[in-house]
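These notes concern the structure reproduced below.
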Amino acid sequence: TACTLRSDETPLCILEPGRHDEHPQVSSRATALEDPDLVFEILGKLTCTQTLHRSAATCKLWRFVLRRGDDQGAERVWADACLTVPTHGPSGEQLLTVGDALWRAPARQRVRIRGGTELKGMLVCQQPIHVHAEEGVVLCGKLCLQGGAAAGTGTVTGLHLNHFMEEAIAVREGQWLVKDCVVSSSRRARASTSITVRGGSSLHLLRCVVQDSAHAVALERGASTLRAELCSFRGNKEAILTHGGGLVEVEKNEFEGNAVALKLDTLVRGYARGNRVDGALLGRWMKPRQFRCEANECEASDTEQDG
C-alpha cells in the first residue's frame, strides 16, 4: 500500500536503517491519527515482519505510527508479527539466510525457521529473540545465545541439534528458555558437552532430550542458573555437571543410561525433585549442603538419601 508524499516529506526507505525520526508535524500518535485503535487493528493483520518494515518505510507518518518502544498499540503489532526464514526472491535466490536473521534480529523479535531446513556451522542470537523451528529443522553445528537480561527472556523451540567436537548450545549471556528441542551426537560415540551455561546467564530447559554426550549440561564458573523440567537425559557420562557454584533446579526429569545423573560441586544450591533415575541420583558424590533432594525415584541408593 502506498502513501502519498507531500513535497516536504522524504521516503523513509532511504533513511539510515533503525533511525527513529518523529513525524515533524505531530507529537503523539493520538494527534497523528483520527482513530489510532482502528489503524492498529488493521496493521495487526500484517503478520509478516518484512511487510511491517516495508509499511514503515512508506512515509514518515507510517514510520512514526509503527515506531517501537513507547506505544502499546505499536508494540502489539510488532509482537504478533513473525519473520520467516530463509526468504527467497522471485527467481529463487536467497534474500535472507537463517544466520543473518538471527544475528541481526532485535530483542523480542519472532523468527520462524521453515520446515525441513538443514543448517550447518555456528548460529548466533545476539539479542533475546523468539526462535521457532518448524518440523524437520536440523542444525549440525553450534547455537550461541546471548543478550542482556534487561531485554527479557529469549526462547528457542523445536530445534534438533547434532554436534560432536564442540557444544551444541552455548548460553553466554542473558536469560533463555529452550523447549521441545533434541540434542544428539552426530556420531556413534559420545559427543563433547552438549550445553554450556556461562557467566551469570540463565537457562531453562523444558521438554528437551539431551543424549549421547560427555556432559548433557555443564555450568561453568560464575553465578549461572539452570532449571531443567520434564526433560530426558539419556546415555550421557554425566548428565548435569557444575564448576564453582550456581543455582540448579531439576524437577520431573528422566535420567536413563547415564553414568552419573548429577555431579555437583560443594557450592551449588537448589534442589532435585520428582525425578526418575535408573541408577543413583548423585552416585558416589556427596550432596552439597545447600542442595535438597525430594521425592526422587532412584533404582539405586545414593550416598545421602533425600533431604
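The values are calculated or read from the model by the stated rules, or taken from the named source; none is laboratory data. Here the structure is a predicted model, which is why all the values come from computation and not from measurement. All Cβ positions, glycine included, derive from the backbone under ideal geometry; neighbour counts span all protein chains shown. The area values use the complete protein model at the heavy-atom level, side chains included, leaving out ligands, DNA and RNA. Shrake-Rupley method; radii C 1.70, N 1.55, O 1.52, S 1.80 Å.
Within the stretch 222-232, does at least one residue satisfy the condition of being open to solvent by 10 Å² or more (accessible area, probe 1.4 Å), at pLDDT 95 or above and among the small types (Gly, Ala, Ser)? The answer is yes; a qualifying residue exists.
Taking the stretch 31-68 as the range and being part of a loop (DSSP other than H, G, I, E, B), farther than 20 Å from THR87 by Cα and modelled with pLDDT of 70 or more as the test, the residues that pass are THR58, CYS59, LEU66, ARG67. Among the residues of the stretch 87-103, the one identified as farther than 22 Å from HIS160 by Cα and either assigned to a helix (DSSP H, G or I) or of a type in the set (Ser, Thr, Tyr) (or both) is SER91. Given the conditions (1) buried (at least 17 other Cβ atoms within 10 Å of the Cβ); (2) under 28 Å from the mean Cα position of the chain (by Cα), which single one is not true for ARG276? With respect to (1) buried (at least 17 other Cβ atoms within 10 Å of the Cβ); (2) under 28 Å from the mean Cα position of the chain (by Cα), ARG276 is out only on (1). Within the stretch 145-161, identify whether any single residue is among the polar types (S, T, N, Q), modelled with pLDDT of 95 or more and under 20 Å from GLY235 (Cα atoms), and answer yes or no. Among the residues of the stretch 145-161, not one is among the polar types (S, T, N, Q), modelled with pLDDT of 95 or more and under 20 Å from GLY235 (Cα atoms), which makes the answer no. Note on the stretch 219-271: residues that are assigned to a loop (DSSP other than H, G, I, E, B) and either touching a Gly at 6+ places or on another chain (Cβ under 6 Å) or on the phi < 0 side of the Ramachandran plot (or both) amount to 20. Of the residues LEU219, LEU203, LEU226, the single one that is hydrophobic (A, V, I, L, M, F, W, C) and farther than 23 Å from GLY279 by Cβ is LEU203. When every residue of the stretch 176-193 is checked against the conditions, at least one turns out to be open to solvent by 10 Å² or more (accessible area, probe 1.4 Å) and closer than 18 Å to ASP278 by Cβ. The set of residues in the stretch 199-211 that are within 15 Å of the chain's Cα centre (by Cα) and open to solvent by 10 Å² or more (accessible area, probe 1.4 Å) comprises SER202, HIS204, LEU206, ARG207.
Before we move on, is ALA79 closer than 23 Å to THR153 by Cβ and touching a helix residue (DSSP H, G or I) at 6+ places or on another chain (Cβ under 8 Å)? No. Within the stretch 80-94, if we keep just the residues that are open to solvent by 50 Å² or more (accessible area, probe 1.4 Å) and under 30 Å from VAL39 (Cα atoms), the residue that is farthest from the chain's Cα centre (by Cα) turns out to be HIS88.
For every residue, the table says whether it meets (1) surrounded by fewer than 15 Cβ atoms within 10 Å (Cβ to Cβ); (2) of a type in the set (Phe, Trp, Tyr); (3) part of a strand (DSSP E or B).
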| residue | (1), (2), (3) |
| --- | --- |
| GLY115 | yes, no, no |
| MET122 | yes, no, yes |
| HIS132 | no, no, yes |
| LEU143 | no, no, yes |
| ALA150 | yes, no, no |
| GLY154 | no, no, yes |
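Examine the stretch 153-161 for a residue that is touching a residue at least 40 places away in the same chain (Cβ under 8 Å) and on the phi > 0 side of the Ramachandran plot, and state whether such a residue exists. Looking through the stretch 153-161, none of the residues is touching a residue at least 40 places away in the same chain (Cβ under 8 Å) and on the phi > 0 side of the Ramachandran plot.
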